[in-house]
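The values are calculated or read from the model by the stated rules, or taken from the named source; none is laboratory data. Predicted model, so just to flag it, every value in this text is computed and none were measured. Cβ placement follows ideal geometry from the backbone for every residue including glycine, while neighbour counts extend to all protein chains displayed. Areas reflect the complete protein model, heavy atoms only, side chains present, ligands, DNA and RNA absent. Shrake-Rupley method; radii C 1.70, N 1.55, O 1.52, S 1.80 Å.
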Amino acid sequence: MGSVTRLLAQRIALGLLLLFLVSILIFVGTIILPGDVAQSILGQSATPEALANLRAELGLNEPAFSRYFSWLGGAITGDFGTALTSGLDITTEIGRRLGNTLFLAFWAAIIAVPLAIFLGLLAVRYRERWPDKLISGVTLASISIPEFLIGYVVMFYIGVKLRWFPSTAVSYRPDADLLTRLDSIALPVIVLTLVVLAHMMRMTRAAILNVMQSAYIETAELKGLTMFTIIRKHAFPNAVSPIVNVVMLNLAYLVVGVVVIEVVFVYPGMGQYLVDHVSKRDVPVVQACGLIFAAVYIGLNMVADIVSILSNPRLRHPK
Amino acid sequence: MRIPVAAAIGLFFTALYFLMAIFAPLIAPYGVAEVVGGVWEPSSGDYLLGTDSIGRDLLSRMIYGGRTTIFIATAATILSFTTGSILGFLAAVLGGWADQLMSRFVDLLMSIPTLIFALVVLSVTPVTIPALILVMGLLDSTRVYRLARAVAVDINVMDYVEAAKLRGEGRGWIIFREILPNALSPLVAEMGLRFIFMVLFVSTLSFLGLGVQPPAADWGGIVKENAEGIVYGVGAALYPAIAIATLAISVNLVADWVLNRTTSLKGGRG
């Protein structure tokens, strides 16, 4: 057991290190590029006085090194400063919106994960026959269309033509009762499900096929075990870790897909907050959102690795 | 050499889109920013796809838009491949700490979702077409780097590379005369996939209002401009979906064919 705890501790430490380096990268990404932040906020016609004032306000006259550490210190204690354009506190705003985004992503995951695993298994069961071909055809089509277009296609046909659900999520209120909230996010959830379903099905199919074609499955079949026993004792334990990996990678993908889908459906979440402030060139907000998205992404990848370590004894004993 | 049907269809449509992009000013019936009719007129003899949110001919916008989208995607793909494969080959040939340094940096870049990092960078850079190409190309070169390095590491231990090293050839020779010709086929197959990704990427950025700026047209921008129409039952915003999907699927079919051909020739993907 000692080696497992050590492996886990190593993986968590690696995740934290990665997060720290990513925070540097996000910070550096907004300063080393050609062009002055103050200039790009105020535009070409800004007076030198206005530029100097804004630079002082942003702390741009201090060295980048000390600015980074004061930003990081603030971020760790949950203080991201105030937005340049509105003067509002970023942490309060993010607190409000992060919940909405997670609510949306949560329901998309609840529907997409079981469905993708089921369809992936179906594709394996009917391999090279029409259900498999249909599934891979749909997959090819859906990865060839950008998320936002899938969003509009769904909005056009289900929201506007059929009128099953409200076509935008403008009416979403976090304090409404659960059914009303689910009704207003129905379309974004459908779209997000479609977006991740394709990837997840394909990866599940590949993972299961990989296990089912192993020599030990053939041995089990040859020694006359029933299909159920083979799946329970041989296939399932070996398939858990790849499937969990697939799920986690796709949840990470989901978190990014949310950014675009929120803009399509005018949903008051983190993604819309980020995109709005990128076009307003509100750097503190962009840095804060970027860091949070990256943290969620890195966190989910880390969980995927931890589950693989726990479920796969082979990874516990590196040679 | 026989070309399979799927690949032939793919080649046909890919060529069609590229020709349309090149000769856009000759094909398009109206100017890109020319207001010719009412708002969201339905399709008619004068306007084959109808008009857009401020009365411009949608077919002309789609053709010019394809030109912009395909140009940006192609330029970004070329940038991504040049940077990614040269650095990847260099890492494989140099080995040691230089390889470690570059590979770990690429790992770090890839641990941030591409879209999020692009948004962070675009919040401070001026939104111009060269800036877009630069940001997209460099961010995507991480993926090419990984492939190029993996392929080159395998080639680097081949006898003919050893022979070249013993002859005393320089690193430039090894990279361009020994590794590059042998790594070309897996890289070319990957190029199709990267190109599609670039088309989707630039469309997404334009849709978010951070890519190509109006009045210039591009497929993502057309969706953004006509998105309001969806609620009133006007499908103008959906045309780019058809264009992007057919282009992506055609390029995919060609890439698959190239990949299959090279695998059967070499007995493995690099």
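Observations, loosely collected:
- Per residue of peptide B:106-116, the mean number of Cβ atoms on other chains within 10 Å of the residue Cβ is 6.
- On chain B, 68 percent of the accessible area sits on carbon and sulfur atoms, based on a 1.4 Å probe.
- With protein chains left intact and a 1.4 Å probe, residues in segment A:45-146 average 57 Å² of accessible area per residue.
- Label-to-label distance for residue A:10 and residue B:150 is 2.2 nm, based on points extended 7 Å past Cα in the beta-carbon direction.
- A simple spin-label model places the labels of residue A:209 and residue A:28 4.0 nm from each other, with each point 7 Å out along Cα-to-Cβ.
- Of B:137, B:220, B:95, the one that fluctuates the most in a GNM where chain B has Cα springs shorter than 10 Å: B:95
- Prolate/oblate/rounded label for the protein assembly as shown (Cα gyration tensor, a/c 1.5): rounded
- Surface analysis of segment B:144-270 yields an accessible area of 42 Å² per residue, using protein heavy atoms and a 1.4 Å probe.
- Carbon/sulfur fraction of accessible area - segment A:90-316, other protein chains in place, 1.4 Å, %: 67
- Sites residue B:216 and residue B:188 - FRET efficiency at Förster radius 35 Å, r taken between beta-carbons, to 0.05: 0.70
- Helix B:129-156 vs. chain B, principal-axis angle (Cα, 0 to 90°, nearest 10): 30
- When A and B come together, around 3600 square angstrom of accessible surface is lost from both chains combined, probe 1.4 Å.
- In chain A, the longest principal axis of the Cα atoms and the axis of helix A:64-76 are about 60 degrees apart.
- The mean accessible area for residues of segment B:1-87, using a 1.4 Å probe and ignoring ligands and nucleic acids, is 50 Å² per residue.
- Estimated FRET transfer efficiency when R0 is 51 angstrom, pair residue B:26-residue B:177 (beta carbons, to 0.05): 0.80
- Each Lys and Arg adds +1 at its Cβ and each Asp and Glu adds -1 at its Cβ; summed about the Cα centre, the protein assembly as shown shows a dipole of about 2040 debye.
- Taking label points 7 Å from Cα along the Cα-to-Cβ direction, residue B:246 and residue B:107 give a separation of 4.5 nm.
- Here the calculated FRET efficiency for residue A:178 and residue A:127, from their Cβ-Cβ distance with R0 = 51 Å, stands at 0.80, rounded to the nearest 0.05.
- Number of partner chain Cβ atoms within 10 Å, mean per residue of A:149-161: 5
- Shielding by partners - mean other protein chain Cβ count within 10 Å, residues of B:207-217: 3
- Rg/Rh for chain A (Cα atoms only, Rh after Kirkwood) is 1.05.
- Farthest toward positive dipole pole in chain A [+1 Lys/Arg, -1 Asp/Glu at C-beta], among A:81, A:251, A:52: A:251
- Largest first, the residues A:106, B:201 sort by 1.4 Å accessible area into A:106, B:201.
- A Cβ-based charge dipole, computed about the Cα centre of segment A:90-316 with Lys and Arg at +1 and Asp and Glu at -1, lands at about 520 debye.
- Gyration tensor verdict on segment B:34-124 (Cα atoms; rounded if a/c is under 1.5, prolate if a/b is larger than b/c, oblate otherwise): prolate
- Rounded to 10°, Cα long-axis angle of helix A:2-29 versus longest principal axis of chain A: 40
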